[in-house]
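The values are calculated or read from the model by the stated rules, or taken from the named source; none is laboratory data. Everything quoted here is computed from the prediction, not taken from an experiment. When we count neighbours, we look across all protein chains shown, and the Cβ atoms used for this are built from the backbone with ideal geometry, even at glycine. We work out accessible area using only protein heavy atoms, side chains counted, and drop any ligands, DNA or RNA first. Shrake-Rupley method; radii C 1.70, N 1.55, O 1.52, S 1.80 Å.
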Amino acid sequence: MNKYEIMMIFKPDFEEEARTALLENYKGILTANNEGVVDNVSEEMGLRDLAYEIKDYTKGYYVVIDTHTSPANIAEFERLARINGNVLRHLTLRRN
């Protein structure tokens, strides 16, 4: 298992309950087949201004996820994050 840091930016008008449910779904993907553990989900950043417009939005809701998981789980996470319309951007970094 490798250590990863994932930053996601959600649409600012995405409802809190739906965002929480989606994050729980993503945590389930990252911990699938007992091949991972989510160390931390930081929602402290919250709603912030974007440096540039993304899909006509000037604000976004930032979330950072720290996890230890397998590359296969990361690939599935990225596939699902890419096709979700409520995720403006996501970035996955492998940490040492």
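For the stretch 6-57, a residue qualifies if it is in contact (Cβ under 8 Å) with a residue 60 or more places away in the chain, part of a strand (DSSP E or B) and either at positive phi or surrounded by fewer than 16 Cβ atoms within 10 Å (Cβ to Cβ) (or both), and exactly one does: Met7. Taking the stretch 18-28 as the range and being within 19 Å of Leu88 (Cβ to Cβ) and not small (Gly, Ala, Ser) as the test, the residues that pass are Arg19, Thr20, Leu22, Leu23, Asn25, Tyr26. The set of residues in the stretch 76-96 being open to solvent by less than 60 Å² (accessible area, probe 1.4 Å) and not β-branched (Val, Ile, Thr) consists of Phe77, Glu78, Leu80, Ala81, Asn84, Gly85, Asn86, Leu88, His90.
Considering only the stretch 19-39, I want to know if a residue exists there that is more than 13 Å from the chain's Cα centre (by Cα) and among the charged types (D, E, K, R). Within the stretch 19-39, one or more residues are more than 13 Å from the chain's Cα centre (by Cα) and among the charged types (D, E, K, R).
Please verify whether Asn2 is within 24 Å of Ala75 (Cβ to Cβ) and open to solvent by 60 Å² or more (accessible area, probe 1.4 Å), treating the condition exactly as stated. In short, no. Looking only at the stretch 46-65, residues that are modelled with pLDDT of 95 or more and closer than 14 Å to Ile29 by Cα come to 0 in all.
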